[in-house]
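No lab work stands behind these numbers, since they all come straight from the coordinates. Here the structure is a predicted model, which is why all the values come from computation and not from measurement. We place every Cβ from the backbone using ideal geometry, glycine too, and count neighbours over all the protein chains shown.
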Amino acid sequence: MKILYLLFAVFLLIFQATSGSADPLFTDTVECRSQGNFCRAGACPPTFAATGSCHGGLLKCCSK
């Protein structure tokens, strides 16, 4: 029974270390955000224009 506590602690440490990355995986997303723009799934807001794509072409890059 004591080994279960040890396994739980090991799994907790493993999953905590690999919780995810804040870096985007797509180069078009990095390019859009580096220009001060943002990505959006639908149409851009009324005062913004779609200037490219994000997330591998699934989203639109919106800029002022």
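For this structure, a couple of remarks:
- Estimated FRET transfer efficiency (Lys64, Leu25; beta-carbon r; R0 30 Å; 0.05): 0.70
- Working note: Karplus 6.51/-1.76/1.60 with θ = phi - 60° gives region 51-57 the couplings 10, x, 10, 9, 6, x, x Hz, where Gly and Pro are set to x.
- In this simple spin-label model, placing a label point 7 Å from the Cα along the Cα-to-Cβ direction at both Leu13 and Ser34 gives a separation of 3.8 nm.
- Remark on Gly52: its backbone amide H falls under 5 Å from those of Cys61, a criterion applied only to residues 5 or more positions apart or on other chains, H modelled at 1.01 Å from N.
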